[in-house]
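Beneath this line is the structure, given in structure tokens, with notes to follow.
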Amino acid sequence: VDRMFLHQRMPGGAVFKISVVYDTAFWRADGLCGQSAAPGSPATLTIDACTDTGVPGIMCVITEGSAARRLGRLDAAERRAVVIGELVERFGAKAASPVSYHEQNWAVERYSGGGMISHAPPGVLTEFGHALRTPCGRIHWAGTESSAIMCGWIDGAVRSGERAAAEVMAADSVVAA
Ligand SMILES: Cc1cc2nc3c(=O)[nH]c(=O)nc-3n(C[C@H](O)[C@H](O)[C@H](O)COP(=O)(O)OP(=O)(O)OC[C@H]3O[C@@H](n4cnc5c(N)ncnc54)[C@H](O)[C@@H]3O)c2cc1C
């Protein structure tokens, strides 16, 4: 029951992922790493998403929660303008002229219905958090939300898979013994 209720109470949230593409990663030349966070802004997070060469320059923008829902109400041209405006404010005038702009609103994706990092509203972890990693009989739980490190990200998913596999192998060896 606790595991089932935990599942029911940890939904995905509203997330936009946006890639703004430039000829080069001009921010690197300015001595900036490209990472920024501004909670509640139309560009909540920015992350340098280029390869080592910095060509092309790709700035990944992740906008989450209520800011993502507000962004979703704008039309495409307005959205692009406010997001690029945020980048200009943080990284200067060169950010105003991307060569292309790609966006994905995960909240309206038919099979996803929301984006990464399931969140636990108040009381959920207190009441049901103990069920995150506890096996239910022979069922062992992997999944990024069960990871103590990088919960919600690929890194956490891989760690949780390794932990669950180790649990299963240990349980198996107990049976074999
Ligand atoms: C929009 C979005 C953007 C993201 N961006 C990033 C990013 O930039 N960097 C990053 O590190 N992480 C990112 N993530 C997070 C990352 O993708 C997840 O943390 C990771 O994929 C979770 O892995 P998982 O194995 O826990 O679960 P999942 O990848 O969700 O795997 C669960 C699998 O179980 C299957 N399944 C479900 N129910 C059943 C069933 N009853 N029977 C059989 N199979 C079933 C599903 O089909 C799915 O294949 C993003 C996620 C989203 C949604």
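The values are calculated or read from the model by the stated rules, or taken from the named source; none is laboratory data. Computed from a predicted structure; not experimentally measured. With ideal geometry, Cβ positions are generated from the backbone for all residues, glycine too; neighbour counts draw on all protein chains shown. To get the accessible areas, we keep the full protein, side chains included, count just its heavy atoms, and leave off ligands, DNA and RNA. Shrake-Rupley method; radii C 1.70, N 1.55, O 1.52, S 1.80 Å.
Worth a mention:
- In this entry, G72 passes the filter for residues that are in contact (Cβ under 8 Å) with a residue 24 or more places away in the chain and on the phi < 0 side of the Ramachandran plot.
- Failed condition for D155, given (1) modelled with pLDDT of 95 or more; (2) open to solvent by less than 50 Å² (accessible area, probe 1.4 Å); (3) near the ligand (Cβ under 10 Å from one of its atoms): (2)
- Some residue of segment 75-82 being in contact (Cβ under 8 Å) with a residue 40 or more places away in the chain, outside the structural domain of G123 (by TED's automatic domain parsing) and closer than 20 Å to G152 by Cα: no
- Residue pairs whose Cβ atoms lie under 6 Å apart, sitting 6 or more positions apart in sequence or on different chains, and linking a residue in segment 23-34 that is in the same structural domain as A93 (by TED's automatic domain parsing) to a partner that is open to solvent by 70 Å² or more (accessible area, probe 1.4 Å) and of a type outside the set (K, R), are T24/V55.
- Listed conditions (1) surrounded by 15 or more Cβ atoms within 10 Å (Cβ to Cβ); (2) under 27 Å from T63 (Cβ atoms); (3) within 15 Å of the ligand (Cβ to nearest atom) are all met by I149, apart from (1).
- Filtering segment 120-142 for residues that are within 12 Å of the ligand (Cβ to nearest atom), under 25 Å from Q8 (Cβ atoms) and more than 20 Å from the chain's Cα centre (by Cα) leaves a non-empty set.
- Every residue from segment 112-169 that is among the β-branched types (V, I, T) and not in a helix (DSSP H, G or I): I117, T134, I139, I149
- Residue count, segment 73-117 (criterion: open to solvent by less than 60 Å² (accessible area, probe 1.4 Å), touching a strand residue (DSSP E or B) at 6+ places or on another chain (Cβ under 6 Å), over 18 Å from A37 (Cβ atoms) and within 16 Å of the ligand (Cβ to nearest atom)): 2
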